[in-house]
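What follows is calculated from the coordinates using simple rules that are stated; it is not laboratory data. These numbers were taken from a predicted model, which means no experiment stands behind them. Neighbour counts are summed over all protein chains in view; Cβ atoms, including those assigned to glycine, are modelled from backbone coordinates with ideal geometry.
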Amino acid sequence: MIVTSTDTVEGRPVTQYLGMVAGEAILGVNMFRDLFSGIRDIVGGRAGGYQNALRDAREAAFADLQDAARALGADAIVGVDIDYEVLGKENGMLMVSINGTAVRLG
């Protein structure tokens, strides 16, 4: 499955537009990860726990996006856009939303 943020795939014309597809992932942020990230913010450095949570959420959202496109018979997704949001009371949840257009290529 070709997944791209561009509107086209070089050398492969779009033969059919199948519709919009989306993938979302919402993850809770661990209290201990929050604590250690807060300490890291004070002393400097990267917040590895948050980076790992963000990567996991993004990978899950991409997997959902590709599953939705396959269900439509697509071989590519073009015009992909990724959005990140913090949800929940006191920002306890992380959401990654990925959208694009499922297409068939020539």
**Request:** Measure off 7 Å from each Cα along the Cα-to-Cβ vector at residue 2 and residue 26, then give the distance between these two points in nanometres to one decimal.
**Result:** 3.5
**Request:** Please give the FRET efficiency for residue 63 paired with residue 15, using the beta carbon to beta carbon distance and R0 = 25 Å, rounded to the nearest 0.05.
**Result:** 0.50
**Prompt:** Fully extended, how many nm does the chain gain between residue 104 and residue 81 (0.36 nm per residue separation, minus their Cα-Cα distance)?
**Reply:** 6.4 nm
**Item:** residue 95 versus residue 70: modelled label distance in nm, points set 7 Å from Cα along the beta carbon direction
**Value:** 2.6
